[in-house]
Each structure stands twice: as C-alpha cells, then as structure tokens.
Amino acid sequence: MTIIAHISDLHFGCESPILRESLLETLEHIHPELVVISGDLTQQASRLEFRAAREFLSTLPYPYLIVPGNHDLTERNLPERLLFPWQKWRHYISPELEPTKNDEAFIAIGINTARRASLHPDWSRGSISRLQVARIRRQLQTTPASSLRLLTAHHPFWLPPLFVHRELVRHGETALQAFRSEVDIILSGHVHLAYAQVTQGVIVSHAGTTLSNRLLLHHTNSFNVIRGDRERLSVELMEWGSQRFRFARQQVFQRHEDGWHQQH
Ligand SMILES: [Fe+2]
Ligand SMILES: [Fe+2]
C-alpha cells in the first residue's frame, strides 16, 4: 500500500511556526513514502520567503515532489515576472518545474499550471497546455499497468458549485478527458479548500492551506493523506484543531472498468 501526504499552499511569509512543528510531528506517525506539495510555496515570491521555504524543505525527512503556484511568481516586479519568471524557484527550490517521482508501486508527475501572463485579466488563473497533456500521456504509456498514477498541479480541475468563481484551470476539461482511465488521482490546491470528488472517472483531490493564515471563512488548516493502490484509494483529511493536526474524515474510492467511483 502506498502512503502519500499531500500538503499545499504553505505561503511562506504567512506561515505559522506552530503549524509547521505539528505538521512535522504528525508526518512522523504517518511515514509517507512521498510528500506532494501542490504550489503557492510563498506569498509574494520574495527571496526571504523562498529562503524560508527552502529551509523547511531541507527539514523534511521524506522524498517530496513540488510544483509552483501563482504566488510563486512575483506580482511586484513586472520585468522579472515576464523575463525571468522562474529564476528564484530554480535557484532556491528546484531546477525542475515539472518533476516526476517513480517507485515500484506508483508514479507521481508534476505539472506547472502557473503562467507569467495571460490574455485573461486574472493572471493568477492557471492553464494546462496540449504539450503538457501529451508529455504526461507519453510518460504513462511506459508506466506499468499496476502502478498507481498521480498527477499534481496547483490549479483546480473541478470545483464545488459555491467556488466556481475561482475558475478552473484552462483546458482542464480537455485534459481530464485525455487522462480518463490513464490517471488515477489529481492532487491540487489554490482554493484553500479541502475536497475530493470523482470527475470523468478520475479522482480530483484538493488540499487546504496547510501552514498559512490565508484561511477561508469557517475553514481551518489541513492536509490530506492518500493511501492505497490502483484498485482502492482512501483520502483522509487531517485538520488543525486543539493545537494539533487530527483525523477529520475519510473518503474511499474504488476503480471499476469505467474509472473510479466513490464508495458510500
Ligand atoms: Fe494559495
Ligand atoms: Fe494559488
């Protein structure tokens, strides 16, 4: 059984030291094989924040896979954003924007959906390109059929009705159709809302903000734990309460011929 911890939207610059310590303690009990971090590592993409994020990553005693979010691009320095959008990311965090982690039991593929600019007035909105979809499909063609297939991208591929104003990743619907029966679960963040749902036969699972004070009203800090294999997966929500992260709820999914279904 594979165990993966999914944390997101750490927003260094707005992070809480208590949450950080508690997260590391809780992960010790979970023993994840991989920690997935789905973007918005910083608040304003400053050097100070990137340094703090790097220091946190250096304390993680587990392999991790990380992709950027819209907050990891500067909003204050337009020349930097347009000409050298990923310079700080590559310097402080990783030379790779779209890493892959392989294990005997799983493959986890990162997708960078954050864009330096867009024709859309909201540049925080994400996008997935045809080239990115084609690259992922090529990688999956050589993946053993028994390996659990995870993707991670910062921006959402599905949103609950109350949150559709936050906008889905552009071309996400087309990507989901292409991923159907090839991808098992997509892990994302951005909305700071924890939920899991099957869409187009694929599990779409979002983590809340794990360490930051950028909380939605009536929501608390959280992260998810994914356990299972290509036949059965559970998504456990770990929520902050009484000064620690604790188990809040679990959703279980089963794979059939036509894709994944949630068990009720
Ligand atoms: Fe965020
Ligand atoms: Fe975001």
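Projected area of the range 218-264, taken from the Cα convex hull and averaged over every viewing direction, in nm²? All intermediate terms of the calculation are to be shown ahead of the outcome.
Details: hull surface 16.4 nm².
Projected over every direction and averaged, the Cα hull of the range 218-264 covers 4.1 nm².
When ligands, DNA and RNA are left out and all protein chains stay put, how many square angstrom of accessible area per residue does the chain have with a 1.4 Å probe?
So the chain comes to 46 Å² accessible per residue, rounded to a whole number.
For the range 2-262, what percent of Cα pairs sit more than 31 Å apart? Mind showing how you got there, number by number?
Working: 6179 of 33930 pairs.
So the portion of pairs separated by more than 31 Å is 18 percent.
Could you sort the peptides 64-73, 239-248 by per-residue average Cβ neighbour count (10 Å cutoff), highest mean leading? Let's see the in-between values first.
Working: 64-73: 24.7, 239-248: 14.2.
Result, highest mean first: 64-73, 239-248.
How much of the accessible area of the chain, probe 1.4 Å, is carbon plus sulfur, in whole percent?
Numbers: 6200 of 12170 Å².
Roughly 51 percent of what the probe reaches on the chain is carbon or sulfur.
Per residue of the chain, what 222 nm ellipticity follows from adding -39500 (n - 2.57) for every DSSP H run with n ≥ 4, rounded to the nearest 500? Walk me through the intermediate numbers first.
Values: 5 runs with 53 residues, N = 264.
My calculation for the chain gives -6000 deg cm²/dmol from helical runs alone.
Ranked highest first by average number of other Cβ atoms within 10 Å, how do 203-212, 7-16 line up?
So the peptides 203-212, 7-16, ranked by packing, come out 203-212, 7-16.
The values are calculated or read from the model by the stated rules, or taken from the named source; none is laboratory data. Everything quoted here is computed from the prediction, not taken from an experiment. Methodologically, a virtual Cβ is constructed for each residue, glycine included, from the backbone with ideal geometry; neighbour enumeration extends over all protein chains shown. Heads up: the accessible areas ignore ligands, DNA and RNA and are worked out on the full protein's heavy atoms, side chains in. Shrake-Rupley method; radii C 1.70, N 1.55, O 1.52, S 1.80 Å.
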